[in-house]
Amino acid sequence: MKNVWKQMISLMLVSMLILSVQSSIFANMDDELHDKEWKEHFDKLKKEGFERKDIFTAMFIAKKADKEVSEILATYKKTKSWEKTAQTYGIDLEKERKKAKQRMKKFVKEHKKEIAALIVEKGEQEQVLKALEEKDVSIHQLVYVSAIAKESSVPFEEVYKKWKDGKRPHELMKEYKTSKKAVHKTKRMWYKEMKSWE
């Protein structure tokens, strides 16, 4: 169970880095995947053996360093470390993680009631507000869980409990026979709304 939480925290930090790529906290990089040319490039990189999180981390460094993603990935192949890769281009990943975490914390603090009202029904908002206070839960995770609950027509509390017990989002979608496409569409819609609050 410890490893699952470590992975989730690691993914959360990668998510925060991804969010820093754009000037807006909630500019969703997944939207770029809908552009045919970028999707082909993304798929090509995946075929070359790169994980999704690696591609997005490379995008972050490339944007900060004003370099091509392929150059960053080539450096990563040599160093086998994102910290060393970033340092090659004068970027301190730990510092960037901290900045992203602070920005996210501030945003959630300022908008937690609006977030709860947006992602769950009225009777479930108190649960979301409590979840936002937990240290090991990010807004991205809550949005994901809420989108699964909404698209499955299942109470948020039920889906959230299963997620806290260690079920991954793809397992929850499979269990509730929920379309991944519908869940991601809902997430994008909510992120777009949140972006307008900045």
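With each pseudo-label sitting 7 Å past Cα toward Cβ, what's the Lys78-Lys63 distance in nm, one decimal?
2.5
Cα gyration tensor of the stretch 33-170, axes a ≥ b ≥ c as square roots of the eigenvalues: rounded (a/c below 1.5), prolate (a/b > b/c) or oblate? Working shown, then result.
On the way: a/c = 2.56, a/b = 1.79, b/c = 1.43.
Verdict is prolate for the stretch 33-170.
Any idea what log10 I(q)/I(0) is at q = 0.21 Å⁻¹ for the stretch 54-116, Debye with uniform C-alpha scatterers and no solvent?
-0.76
How large is Rg/Rh for the stretch 100-198, to two decimals, with Cα atoms and a Kirkwood Rh? Show your work: numbers first, answer last.
Details: Rg = 12.8 Å, Rh = 13.6 Å.
Radius of gyration over Kirkwood radius for the stretch 100-198 works out to 0.94.
I want to check the label-to-label distance for Glu134 and Asp165. Put each point 7 Å from Cα in the C-beta direction and report it in nm to one decimal.
The answer from the label model is 1.3 nm.
Rule-based calculations on the coordinates, nothing more; no lab input. Source: prediction; values computed, not measured. We place every Cβ from the backbone using ideal geometry, glycine too, and count neighbours over all the protein chains shown.
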